[in-house]
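Participant: Here it is, the structure in full.
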Amino acid sequence: MSQQSPSPILSVVIDTPLRRRFDYLPPPAGASGLRPGMRLSVPFGKRRVIGYLVEIKDDSELPRARLKAAFEVLDSRPLWDEPTLALLLWAADYYHHAPGEVLAGAVPAGIREGAAADAWTARWRLSTAGVASVAAPPRLGARQRALLERLAAGPVDHAGLEPPERAALRGFVERGWVESFEEPSAAPPPGRGDGRAPTLTAAQQAATSAISGALDGYSAWLLHGVTGSGKTEVYLQVIAEVLARGRQALVLVPEIALTPQLLGRFRQRLAVPVVSLNSSMTDTERLAAWRAARSGAAPVVVGTRSAVFTPLPELGLIVVDEEHDSSFKQQEGFRYSARDLAVARASRLGIPVVLGSATPSLETLVNAREGRYQHLSLPERAGSAGKPRVAVVDLRRHAARDGIAQPTLAAIERHLAARGQVLVYLNRRGYAPTLFCPGCGWMAPCPACDARLTVHMGRSRLVCHHCGADEPMPYGCPKCASELRPVGQGTERVEQTLNELFPEAPLVRIDRDVIRHRGHIEKALDDISSGRARILLGTQMLAKGHDYPDVTLVAVLNADQGLFGADFRAAERLAQQIIQVAGRAGRGDRPGEVLVQTSFPEHPLLISLVHGGYEAFADGALAERKLAGWPPYSRLAVLRADAASRDEARSFLDAALEAARGLDARGVRLLGPAIAAMERRAHRYRAQVLIESAQRGPLHRLIDQWLPLIEALPGARAVRWSIDVDPIEVD
């Protein structure tokens, strides 16, 4: 008699901060049909939780007698295909994060809570007894009779019934006249697909042909196009070719604010369902869009950062628009780069990935120059528009009213008179950066941060933009009772000034204080595109990807904010912001003018931008990075800690460094501990250790050895700490 082979072991990850897997025995129904990527209901301590099956194996480190059995299997097929599941597990290893949190964060809330992964709609139809009742109808009320006739015409959705009809339906169920059944949910509605594509420029045609000719394998493309050169048109034409082959496309954008305009354009051109995935959607909407993508019913997905994990069974192309944008890097929890994972996903699937930007990140530029990415250039604007004329306004020589210099005011008046739109850019929201007492020098401090409270005059509040502290505006100085003055300018103050100076020119302000709810950005963009708004004022939300064809003047009010930043990427971010916002001027056949206000017109960064453009700046910045050994010529990670006291944070990092002494740190430098540029934030004291290496391998090898020792430190539970690989900020 043959001996029965033991049941397999299920390796499961659970949504906890623990960087490990948990072994279970199969559920009572057995292991037949189980595959990695499915969800299981499992015991975890005294709780019943949802876990994600990542491996089926023959043995465990624990004796079988100590293993608990899973309760049940929740899916009929895996949530992800094999390459995407492998990517998620690789990302957990690369960013040194708990795999259960990674997989749970890659799905909508409904899936984490146990909702069905496949989209099914519950419907009702007449039973045999119900059909007979129609043939010989009994005495019924008018509402019951109407519902019976409706059911006789075909099945109905429960969600489409009014409350009185639902009550009548329950009566039919009790009589046995109706029965429920499920069927696949309808696909999202298709786009209009008007097919009216503009004539491509020679550069656009070359880029489209190159990418379309490489759809059968992996390739990475940098689509480096000046603002207004028509990168989106290249995306659309390549996506049309992907769709013609029966494949899907994933388009990542950095900001929710970019999604409505891009979605509208895609739905107008493509005759297929196009769905969005972003954090402004309700849980129900996200789940429906995710299901449509996973089933293949939605061939095109446009989403923000987390959409990179969306299961797409026939994925044939990934596009990362505005690839340079720091929003693609998650700053809390699982600190991943969606741009970098998009490239990794494309490589694993053997499909092209397109990284588009007018101001590519320095890392991407180096990848293109060293041949890892193929470089496509769109050097000219689409249509007849030429490059805008850029000039610097020296704030030391010209009087200013609320931060707007006289030459800038004169230019605004001139462009408005010529029926052009004017874009005023100030990357500082609120009314003023601080409230100041001229009597004793007091400035309103944040009680929780090493920062000043920002004045929000419209609400008569003082707000911290770092921790959210919010308090009423004082009537006088709390120290000497003198009258207080708001010092400096924010978008709220500039809005007031522009409305006073140009009362006949309707103004739209776009920043996070006014774009708070769904629909706000769409209304603002509609006011701009229709011409109802003549002046556009805002923060960097204005600079990201929107098309303003009637803007002829761009005024950058304070270009000095990033010139002397503590982070080594501060200059790169400032250059990108200036170039991006300057590119909004002079679309179509109208010439553009850009004025950059500064108190440091001789600064090398501004000189290179004004006279040589972004390429000249990038050449200089890369030369500096190479000399200093900063990325992209090295690899970084940061061990961060914050605690209720300065000593706790520092002691924890000191202990972590001591634990690293016996490890293999060849080729790696540990620098610190050092306090953060803003040491105290939200009542927590912050410090960090910088981990630097010329190569990825030694850096990750050290972190792999180091993390278990850090987790075992006595102070590890008294502080909040994290590892950030490839940090976007080091301050």
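The values are calculated or read from the model by the stated rules, or taken from the named source; none is laboratory data. The structure presented is a predicted model; accordingly, all values stated were derived computationally and were not measured. Every residue, glycine as well, gets a Cβ built from its backbone with ideal geometry; the counts of neighbours run over all protein chains shown.
Participant: For S327, state whether it is among the hydroxyl-bearing types (S, T, Y), within 29 Å of S280 (Cα to Cα), surrounded by fewer than 22 Cβ atoms within 10 Å (Cβ to Cβ) and modelled with pLDDT under 95.
Facilitator: Yes, satisfied.
Participant: Moving on. Would you mind telling me which numbered condition in (1) under 30 Å from T199 (Cα atoms); (2) in a strand (DSSP E or B) V393 fails?
Facilitator: Evaluating V393 over (1) under 30 Å from T199 (Cα atoms); (2) in a strand (DSSP E or B) leaves (1) as the failure.
Participant: Looking at this structure, is V234 β-branched (V, I, T), modelled with pLDDT of 90 or more and in contact with a strand residue (DSSP E or B) (Cβ under 7 Å, 6 or more places away or on another chain)?
Facilitator: Considered against the rule, which asks whether it is β-branched (V, I, T), modelled with pLDDT of 90 or more and in contact with a strand residue (DSSP E or B) (Cβ under 7 Å, 6 or more places away or on another chain), V234 comes out as yes.
Participant: Among the residues that make up segment 286-297, is at least one of them without any contact (Cβ under 8 Å) to a residue 24 or more places away in the chain and not assigned by TED's automatic domain parsing to the domain that holds L79?
Facilitator: Among the residues of segment 286-297, not one is without any contact (Cβ under 8 Å) to a residue 24 or more places away in the chain and not assigned by TED's automatic domain parsing to the domain that holds L79, which makes the answer no.
Participant: Kindly indicate which of S76, S41 is surrounded by fewer than 18 Cβ atoms within 10 Å (Cβ to Cβ) and in contact with a Lys or Arg (Cβ under 7 Å, 6 or more places away or on another chain).
Facilitator: It is S41.
Participant: Same structure, new question: Counting just the residues of segment 673-698 that are under 27 Å from the mean Cα position of the chain (by Cα) and aliphatic (A, V, I, L, M), which one comes out farthest from C467 (Cα to Cα)?
Facilitator: Ranking the qualifying residues of segment 673-698, first place goes to I691.
Participant: Right, something else. Is there any pair linking a residue in segment 300-325 that is outside the structural domain of W221 (by TED's automatic domain parsing) to one that is outside any strand (DSSP E or B) and among the small types (G, A, S), with Cβ under 9 Å and at least six apart or on different chains, and which?
Facilitator: none
Participant: Now for a different question. Without any contact (Cβ under 8 Å) to a residue 40 or more places away in the chain and within 18 Å of L362 (Cα to Cα): is that true of E602 in this structure?
Facilitator: No, not satisfied.
Participant: Another question, if that's okay. If you go through segment 484-506 one residue at a time, do you hit one that is over 22 Å from D550 (Cα atoms), modelled with pLDDT of 90 or more, of a type in the set (A, V, I, L, M) and assigned to a loop (DSSP other than H, G, I, E, B)?
Facilitator: Yes, the conditions are met somewhere in segment 484-506.
Participant: Can you find even one residue in segment 622-638 that is outside the structural domain of W721 (by TED's automatic domain parsing), under 28 Å from the mean Cα position of the chain (by Cα), of a type outside the set (K, R) and under 20 Å from D560 (Cβ atoms)?
Facilitator: So far as segment 622-638 goes, no, none of its residues is outside the structural domain of W721 (by TED's automatic domain parsing), under 28 Å from the mean Cα position of the chain (by Cα), of a type outside the set (K, R) and under 20 Å from D560 (Cβ atoms).
Participant: Would you mind finding the one in P438, P433 that is surrounded by fewer than 17 Cβ atoms within 10 Å (Cβ to Cβ) and at pLDDT below 95?
Facilitator: None of the other options fit; the residue is P438.
Participant: Considering only segment 396-452, state which residues are assigned to a loop (DSSP other than H, G, I, E, B), without any contact (Cβ under 8 Å) to a residue 60 or more places away in the chain and within 30 Å of the chain's Cα centre (by Cα).
Facilitator: Once the filter is applied, which keeps residues that are assigned to a loop (DSSP other than H, G, I, E, B), without any contact (Cβ under 8 Å) to a residue 60 or more places away in the chain and within 30 Å of the chain's Cα centre (by Cα), segment 396-452 yields P433, C446.
Participant: Same structure again: Cβ-Cβ below 8 Å, separation at least six or inter-chain, first residue in segment 252-279 and in contact (Cβ under 8 Å) with a residue 40 or more places away in the chain, second of a type in the set (F, W, Y): which pairs?
Facilitator: Qualifying pairs under 8 Å: L252/F328; P254/F328; V274/F266.
Participant: Against the condition within 30 Å of D619 (Cα to Cα) and without any contact (Cβ under 8 Å) to a residue 24 or more places away in the chain, how does L671 come out, does it pass?
Facilitator: So L671 fits the description; yes.
Participant: For L355, indicate whether it is more than 13 Å from D321 (Cα to Cα), buried (at least 24 other Cβ atoms within 10 Å of the Cβ) and in the same structural domain as T304 (by TED's automatic domain parsing).
Facilitator: Considered against the rule, which asks whether it is more than 13 Å from D321 (Cα to Cα), buried (at least 24 other Cβ atoms within 10 Å of the Cβ) and in the same structural domain as T304 (by TED's automatic domain parsing), L355 comes out as no.
Participant: Can you find a residue in segment 619-630 that is within 30 Å of R684 (Cα to Cα) and surrounded by fewer than 19 Cβ atoms within 10 Å (Cβ to Cβ)?
Facilitator: Yes, because at least one residue in segment 619-630 is within 30 Å of R684 (Cα to Cα) and surrounded by fewer than 19 Cβ atoms within 10 Å (Cβ to Cβ).
Participant: To continue, here is another question. Counting only residues that are closer than 14 Å to Q330 by Cα and surrounded by fewer than 20 Cβ atoms within 10 Å (Cβ to Cβ), which one in segment 97-113 is farthest from the chain's Cα centre (by Cα)?
Facilitator: It comes out as E101.
Participant: Consider L622 carefully, then state whether it is touching a residue at least 40 places away in the same chain (Cβ under 8 Å), under 21 Å from A571 (Cα atoms) and touching a helix residue (DSSP H, G or I) at 6+ places or on another chain (Cβ under 8 Å).
Facilitator: Yes; evaluated as a whole, the condition is true for this residue.
Participant: Please go through segment 117-148 and pick out each residue that is assigned to a loop (DSSP other than H, G, I, E, B), among the hydrophobic types (A, V, I, L, M, F, W, C) and touching a residue at least 12 places away in the same chain (Cβ under 8 Å).
Facilitator: Within segment 117-148, A117, A119 qualify.
Participant: Pick from A220, A214: which is surrounded by fewer than 22 Cβ atoms within 10 Å (Cβ to Cβ), in a strand (DSSP E or B) and at negative phi?
Facilitator: Every option except A220 fails the conditions.
Participant: Would it be correct to say that A249 is surrounded by fewer than 22 Cβ atoms within 10 Å (Cβ to Cβ) and in contact (Cβ under 8 Å) with a residue 60 or more places away in the chain?
Facilitator: no
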